[in-house]
Every structure is written in C-alpha cells, then in structure tokens.
C-alpha cells in the first residue's frame, strides 16, 4: 500500500462496466485512490479527501480498470494497487478481516467485530466500513445486520448492495412494507450472524 504525501502525477478518473453496473475510479501513478458508483460521488469524494478533483483519463486507466474488474469478478485477490491513507491498527484489522469473507457469503457487523477481537465495537466496525474508499474491492457489501437485513451501503445504497450480493450468488429479496432488502437465512452458514 502506497503512502503519498502529495497528489500523484496524472491524478485522473475513468470508469469500467462491471456485471452489476458502472464503477468510477480515481487513480494515479499506478495506484487506485477511490471507487464510487457514479461520477458525481467520485468527484465530490476526491475534492473532500484530496482537495482537488482528478482529470478525466482514457488510456492511463485501462490497467487499473482491468485490475478492478478481475477483483470484482473473483479472478484476482491482488490489492497491491490500493492507496490507503494512514490507518489505525483497528481499521487495518477490520479491512484485512473483511477481505477474508468469501464471495457468495455474508457476515454480520457483530461477527466482524468479534473476529478482530473487539466484540463490543460493532458500531466502530460500521464506521470503518462506511469510510471504505474501495467498496467493491474491500467487500463491505458482504457485511449485513444480524437480523438478515442488508443495512446501509455507502457505495449506492441498499439496492446497490443487493445487486452486488446477487451477482456473487447470495439470495437477496425485498420484504415488508418498508421494502427492506434481506438475505435468505438459508444462505448463511451457522454462527456468522
């Protein structure tokens, strides 16, 4: 993981078409800086986090785009292009454990908190995931509420989370008057919620 003290040369953005929709990404010097479901969210997040917006790119983003698609499609677990700013030990452990959740499976926030040795830190785990700058690559979409509801998703809301989980093979359905998205309890190994 790179640590930049400045905005990288050729700080640019591009997009790729994933099986579940578009992914916009900011990149530079061979590293990935942010992912978002749409251009507006990507550019506003770049301005907030880096103080500037990237330029549009075409050719320079092709390698990064192929790397993103390979990860999204489960063909690669390489995360060496991710630029992560300084992380606390807790944040690093949460994101590392998050990457261990298999495709096609989900875990609860409670499970993730316990898995990093902080079972009472469920809300703190949620905050780490809400901050996740790489929501399609560091799979925060695989973390749900203990009752089977999908919960929030910073990269496009619960409908986007449902689309990505369905793409990965998780049975997802809308239920109730409120239209909450839920997973089928038959889809979850015992002890993970």
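Can you give the angle from 0 to 90° between the axis of helix 89-98 and the longest principal axis of the chain, with both taken from C-alpha atoms, to the nearest 10?
Once rounded, one gets 70 degrees.
What's the Cα-based Rg to Rh of the stretch 85-145, Rh via Kirkwood?
On the Cα set of the stretch 85-145, Rg over Rh gives 0.91.
So between residue 96 and residue 29, what do we pick up on full extension, going 0.36 nm a residue minus the alpha carbon distance?
Stretched fully, the residue 96-residue 29 segment lengthens by 21.7 nm.
Taking just the alpha-carbon atoms of the stretch 12-72, what radius of gyration and Dmax come out, in angstrom?
Rg then Dmax for the stretch 12-72, in Å: 10.6, 31.
For the chain, what relative contact order do you get, as a whole percent, if you take Cα pairs closer than 8 Å and at least 6 residues apart?
Contact order relative to length: 18 percent.
Dividing the convex hull volume of the Cα atoms of the stretch 89-187 by its residue count, what figure in Å³ per residue is obtained?
91
Given points 7 Å out from each Cα along the Cα-Cβ axis, report the residue 173 to residue 44 separation in nanometres with one decimal.
Distance between label points: 3.5 nm.
Between residue 56 and residue 122, what's the calculated FRET efficiency when r is the beta-carbon distance and R0 is 45 Å? Round to 0.05.
Here the calculated transfer efficiency is 0.70.
What value does the chain have for Rg/Rh, both radii from Cα atoms and Rh as Kirkwood defines it?
Reported Rg/Rh, Kirkwood definition of Rh: 0.96.
Modelled label-to-label distance, residue 7 and residue 80, 7 Å Cα→beta-carbon offset: nm?
2.8
Mind pulling the angle between the C-alpha long axis of helix 122-131 and the longest principal axis of the chain? Nearest 10 degrees, somewhere in 0 to 90.
It works out to around 30 degrees.
Nearest 10 degrees, 0 to 90: what angle lies between the long axis of helix 62-72 and the longest principal axis of the chain (Cα atoms)?
10
Every read-out reported here was derived from the displayed coordinates using simple, explicitly stated rules and does not represent laboratory data. Treat the numbers as computed from the prediction; the structure is a model and nothing was measured. Neighbour counts run over all protein chains shown; Cβ positions are idealised from the backbone, glycine included.
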